[in-house]
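The values are calculated or read from the model by the stated rules, or taken from the named source; none is laboratory data. Here the structure is a predicted model, which means the values were calculated and not measured. Neighbour counts run over all protein chains shown; Cβ positions are idealised from the backbone, glycine included. We work out accessible area using only protein heavy atoms, side chains counted, and drop any ligands, DNA or RNA first. Shrake-Rupley method; radii C 1.70, N 1.55, O 1.52, S 1.80 Å.
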Amino acid sequence: MDEQDILNELREYRNQDLKYEEGYILGSMCTKPHPMARKISEMFFETNLGDPGLFKGTSKLEKEVVSMIGGILHNKNAFGYLISGGTEANLTAMRAFKNISKSKGKPQNIIIPETAHFSFDKAKDMMDLNVVRPPLTKYFTMDVKFIKDYIEDSKNEVSGIVGIAGCTELGSIDNICELSKIAVENDILLHVDAAFGGFVIPFLDDKYKLDGYNYDFDFSLNGVSSITIDPHKMGLAPISAGGILFRDNMFKKYLDVDAPYLTEKQQATIIGTRSGVGVASTWGIMKLLGIDGYETLVNESMEKTMYLVKKAREYGFETAIDPVMNIVALNDENKHDTCMKLRDENWYVSVCRCVDALRIVVMPHLEIEHIDGFLESLSNTKKY
Ligand SMILES: Cc1ncc(COP(=O)(O)O)c(C=O)c1O
């Protein structure tokens, strides 16, 4: 085919996609990447971090960006990688858990909340983990007392805990502070999935913080061994840019496999060949926005979240919980039906699994007029 014809045909396919700026994407944790990422993507287009000795500059950038993200998480010496996304990050953490507990002769018993992302179901399936699901509190956080009792009763049979800082459906934050104490007391691992919350919580204005949650979630808590934190969510980086950070590089040996034909003889990531675009874009966007830029981004999204909640209440809708971050769950007993009706009008919300509610993620691409238009359509779906 002629190059121009190929590009024209590709454009036709691309035109069928929704665009963030149109405001119809209301249920995604991704958003329009920062415009500077276009130039960066072009510059790093052919890089491959799967063979870091060939791409020494990009590899240095990855170490720097891990340290920069570590800085947000109070540990500039963290060890880790920028990988394909939160799923791979959680799989990597579970792989480390599995290999560490195996080396101690412990079984693969791991405590994971009901609110956890389904990537942990993939981990369970791939690694034959035995998963314990504690009951939830009214704040949709794990019951800490249950965990303490369970670990005591199971006599050293639990090898790790997963806590969530910003759960996918509701944004709730487990009590990582208490989980950290339990991890230290029992010498077990604690992974925190802050895939979404990692680029939200550190920048959240105090006025949005709610009673019932402890917002501490990072390496400043001694028991936290690893954290998932995704630049391609609220970090404004283009897909694919997920992050997995471990407390220190002691964890590397539990992930490494021999890679004899590469420039580095060991490889720790699950994916082999991987682009440096995510690394370079995240590095650039973090340098450009700085702490102030992320604070503005997060708190503007929170303002719009509060606007959505206020307006929704005026229409007679109620939320399942007060928003902990820029995620809103609107009660709806017919959530699947409503979701499909809204889709007929091009509004793409998602549904919660743990409550009967529609789920709206107020990402930076959403403007007030989109929220107004959506709520009007939502209220029309309820009229007969
Ligand atoms: C808390 C949490 N963890 C992990 C993931 C998986 O991330 P990804 O889709 O980038 O693999 C998500 C995605 O929404 C998430 O919300």
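Considering segment 83-174, its Cα convex hull presents a mean projected area of 5.9 nm². For segment 213-331, the solvent-accessible area with a 1.4 angstrom probe is 40 square angstrom per residue. About its Cα centre, segment 281-384 has a charge dipole of approximately 240 debye under the convention of +1 per Lys or Arg Cβ and -1 per Asp or Glu Cβ, with nothing else charged. Scanning residues 5 or more positions from Val132 or on other chains, those with amide H under 5 Å from its amide H are Ile110, Ile111, Ile112, with H placed 1.01 Å from N in the peptide plane. By the Stokes-Einstein formula, at 1.002 mPa s and 20 °C, segment 23-69 with its Kirkwood radius over alpha-carbon pairs has D equal to 165 µm²/s. Under the shape rule built on the C-alpha gyration tensor, where the axes satisfy a ≥ b ≥ c, segment 177-324 is oblate, since a/c reaches at least 1.5 while a/b does not exceed b/c.
Shown are Arg353, Arg247, whose ranking by accessible area with a 1.4 Å probe and every protein chain present, most to least, is Arg353, Arg247. For n ≥ 4 DSSP H runs only, could you compute -39500 (n - 2.57) per run for the chain, divide by its residues and tell me the 222 nm figure to the nearest 500? Taking each H run of at least 4 residues, the total per residue is -12500 deg cm²/dmol. Toward the positive end of the charge dipole of the chain, with +1 on the Cβ of Lys and Arg and -1 on the Cβ of Asp and Glu, the farthest Cα among Ile40, Gly284, Ile111 is that of Ile111.
Stretched out straight at 0.36 nm per residue, the stretch from Thr273 to Asp187 would grow longer than its current Cα-Cα span by 27.5 nm. Pull out a ≥ b ≥ c, the square roots of the eigenvalues of the alpha-carbon gyration tensor of segment 8-123, then state rounded if a/c is under 1.5, prolate if not and a/b is larger than b/c, and oblate in the remaining case. Oblate, because a/c is 1.5 or more while a/b does not exceed b/c. Just to verify a number: what accessible area does Phe219 come out at with the full protein assembly present, 1.4 Å probe, Å² rounded to tens? The accessible area comes out at roughly 10 Å². Dipole of segment 296-384 computed with +1 at Lys/Arg Cβ and -1 at Asp/Glu Cβ about the Cα centre; of His370, Leu308, Leu330, farthest Cα towards the positive end is Leu330. For the set Lys60/Lys252; Lys19/Lys124; Lys124/Lys382; Lys102/Lys233; Lys102/Lys155; Lys209/Lys310, the pairs lying more than 28 angstrom apart at their alpha carbons are Lys19/Lys124; Lys124/Lys382; Lys102/Lys233. Rounded to the nearest 20, the size of the Cβ-charge dipole of segment 1-159 about its Cα centre is 1000 debye, with Lys and Arg at +1 and Asp and Glu at -1. Its Cα centre serving as origin, the chain has a Cβ charge dipole (Lys and Arg +1, Asp and Glu -1) of approximately 940 debye. Largest accessible area first, the listed residues Lys335, Lys98, Lys209 line up as Lys209, Lys98, Lys335 when surface is computed with a 1.4 Å probe on the assembled protein chains.
Each Lys or Arg adds one and each Asp or Glu takes one away; over the other residues whose Cβ falls under 10 Å from the Cβ of Asn186, this sums to -1. The alpha carbon radius of gyration of segment 189-244, expressed as a multiple of 2.2 N^0.38 Å, is 1.20. The residues packed around Ile368, meaning those with a beta-carbon under 13 Å from its beta-carbon, carry a net charge of -3 if Lys and Arg are +1 and Asp and Glu are -1. Over segment 272-343, Cα pairs under 8 Å with separation of 6+ residues give a relative contact order of 19 percent. In order along segment 82-91, phi translates into HN-Hα couplings of 9, 10, 5, x, x, 4, 5, 4, 5, 4 Hz, rounded to whole numbers, per the Karplus curve 6.51 cos²θ - 1.76 cosθ + 1.60 with θ = phi - 60° and x for Gly and Pro. Ordered by solvent-accessible area of protein heavy atoms (1.4 Å probe), largest first, the residues Ser159, Ser41 come out as Ser41, Ser159. Springs between Cα atoms under 10 Å define the GNM used for the chain, and in it the highest mean-square fluctuation of Val65, Val257, Val361 occurs at Val257. Summing charges over all other residues whose Cβ lies under 12 Å from the Cβ of Glu88, with Lys and Arg as +1 and Asp and Glu as -1, gives +2. Backbone amide hydrogens, once placed in the peptide plane, bring Thr319 within less than 5 Å of Asn331, excluding anything fewer than 5 places away on its chain.
Computed on the Cα trace of segment 212-266, the radius of gyration divided by the Kirkwood hydrodynamic radius gives Rg/Rh = 1.10. When only Cα pairs below 8 angstrom with a gap of at least 6 residues are kept, segment 135-237 shows a relative contact order of 28 percent. For segment 219-277, the relative contact order is 23 percent, taking Cα pairs closer than 8 Å that sit 6 or more residues apart in sequence and dividing their mean separation by the residue count. Surface composition of the chain: carbon and sulfur make up 50 percent of the accessible area, probe 1.4 Å. Computed from phi, the 3J(HN,Hα) profile of segment 298-314 under the Karplus parametrisation 6.51, -1.76, 1.60 (θ = phi - 60°) reads 5, 6, 5, 5, 5, 4, 5, 4, 5, 4, 4, 5, 4, 5, 4, 5, 4 Hz, with x in place of Gly and Pro. In this structure, Lys310 and Ser377 have a Cβ-Cβ separation that, at R0 = 22 Å, corresponds to a calculated FRET efficiency of about 0.80. The ellipsoid equivalent to the alpha-carbon distribution of the chain has semi-axes of 33, 29, 19 angstrom, derived from the gyration tensor eigenvalues as √(5λ) and listed largest first.
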